[in-house]
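See structure below.
The values are calculated or read from the model by the stated rules, or taken from the named source; none is laboratory data. The structure displayed is predicted, hence computed values, not measured ones. Cβ sites come from the backbone with ideal geometry, for glycine too, and all protein chains shown count toward neighbours.
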Amino acid sequence: MHIGLIGGIGVAATIVYYQRLTAAVDALGGPLDLTISHGDIQTLIRNNLADLRGPQAGIFAAQVARLREAGADFAAITSIGGHFCFDELAAISPLPLVSGVTPLDDAFAGRGIGRVGLLGTRVVMRTRLYGQLARTEAVALDDEIDTIGQTYQDVAVAGACTDAQRALFIDAGARMVRDLGAEAIVLAGTDLNLAFDGQEPGYPVIDALDVHVDVLARLATGRLALEDVAVPAGRP
């Protein structure tokens, strides 16, 4: 199947999606048919912080329309933060959508994990992954959400992570494990690989991007049926 990605939000996350999706499809022995539509991270940040779901959904829908014109069979957003308007987009999307958030609950439960600590945008942490975890409890450092969220935003915009920013994220994860009982830390922001790749933080880390990529790769190679995982086009 032809995958359509809403990318550029940010660029570093899109690059990692491309790299890991290519590797995953290759490992499954199938060809990859892929088109990426570049978005604007600054507009997404403004709309996310102001909870302007309708306007951002409209922007995404225009990108999905271009992906459809390019031959994509479905679309996916390469940003967990960008999922804040997923329902609004689903209602007007010209293509089926494959969520990067919905598969996470089953992925955590399948690994026997009952409580996870979240790192990502302010909204992701405050809403505990948009309230979509039914089988897993999520925790966050509530008193530090603004600091962590701003740091994540800075990393996403820059497409790079400083040593100080990396230390902040790794320490936040350690404290969620030590003080809040998290059994694993979820990188619920698709740019957080910039901080954690190649690191040994001393606790289990699950990259939400990898869970999404696994679903997309199995769709691309016919090992998963679209109707089993996608929200149909234009469904309220």
Looking at (1) within 26 Å of ALA195 (Cβ to Cβ); (2) under 18 Å from the mean Cα position of the chain (by Cα), which is the one condition that is false for GLY4?
-> (1)
In contact (Cβ under 8 Å) with a residue 60 or more places away in the chain and either closer than 19 Å to ALA13 by Cβ or surrounded by fewer than 21 Cβ atoms within 10 Å (Cβ to Cβ) (or both): does that describe VAL123?
-> yes
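Residue-by-condition table, conditions (1) assigned by TED's automatic domain parsing to the domain that holds VAL16; (2) more than 17 Å from the chain's Cα centre (by Cα):
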site: THR162; (1), (2): no, yes
site: ARG178; (1), (2): no, yes
site: LEU192; (1), (2): no, no
site: ARG223; (1), (2): yes, yes
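Yes/no per residue for (1) over 18 Å from ASP207 (Cα atoms); (2) of a type in the set (S, T, N, Q):
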| site | (1), (2) |
| --- | --- |
| ILE6 | yes, no |
| ARG20 | no, no |
| LEU28 | yes, no |
| PRO31 | yes, no |
| ARG66 | yes, no |
| SER93 | yes, yes |
| PHE108 | no, no |
Does at least one position in segment 156-165 carry a residue that is in contact (Cβ under 8 Å) with a residue 40 or more places away in the chain, over 15 Å from VAL205 (Cβ atoms) and in contact with a strand residue (DSSP E or B) (Cβ under 9 Å, 6 or more places away or on another chain)?
-> no
Considering residues that are of a type in the set (Lys, Arg) and out of contact with any Leu (no Cβ under 9 Å at 6 or more places or on another chain), the number found within segment 112-146 is 2
Pairs where the first residue, in segment 211-236, is of a type in the set (S, T, N, Q) and the second is assigned to a loop (DSSP other than H, G, I, E, B), C-beta under 9 Å, 6+ apart = THR221/MET1; THR221/LEU28; THR221/GLY29; THR221/GLY30; THR221/PRO31; THR221/LEU32
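Yes or no, residue by residue, for (1) exposed (fewer than 14 other Cβ atoms within 10 Å of the Cβ); (2) more than 14 Å from THR121 (Cα to Cα); (3) among the small types (Gly, Ala, Ser):
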{"position": "ASP171", "(1), (2), (3)": "yes, yes, no"}
{"position": "VAL186", "(1), (2), (3)": "no, no, no"}
{"position": "ASP191", "(1), (2), (3)": "no, no, no"}
{"position": "ASP197", "(1), (2), (3)": "yes, yes, no"}
{"position": "ALA225", "(1), (2), (3)": "yes, yes, yes"}
Given ALA70, ALA13, which one is surrounded by fewer than 17 Cβ atoms within 10 Å (Cβ to Cβ) and assigned by TED's automatic domain parsing to the domain that holds ALA217?
-> ALA70
Considering (1) within 16 Å of VAL98 (Cα to Cα); (2) among the small types (Gly, Ala, Ser); (3) modelled with pLDDT of 95 or more; (4) surrounded by fewer than 20 Cβ atoms within 10 Å (Cβ to Cβ), say which one GLY202 fails and leave the rest.
-> (1)
For THR35, all conditions in the list (1) of a type in the set (Val, Ile, Thr); (2) surrounded by fewer than 19 Cβ atoms within 10 Å (Cβ to Cβ); (3) under 23 Å from ARG122 (Cα atoms) hold save one; what is the number of the exception?
-> (3)
Those residues of segment 53-95 that are polar (S, T, N, Q) and free of Cβ contacts under 8 Å to residues at least 40 places away in the same chain come to a total of 1
Name the single residue, out of those in segment 76-86 being of a type outside the set (A, V, I, L, M, F, W, C) and in contact with a Phe, Trp or Tyr (Cβ under 9 Å, 6 or more places away or on another chain), that is surrounded by the most Cβ atoms within 10 Å (Cβ to Cβ).
-> THR78
Name the residues in segment 185-236 that are under 21 Å from GLN165 (Cβ atoms) and in a strand (DSSP E or B), would you?
-> ILE185, VAL186, LEU187, ALA188, VAL205, ILE206, ASP207
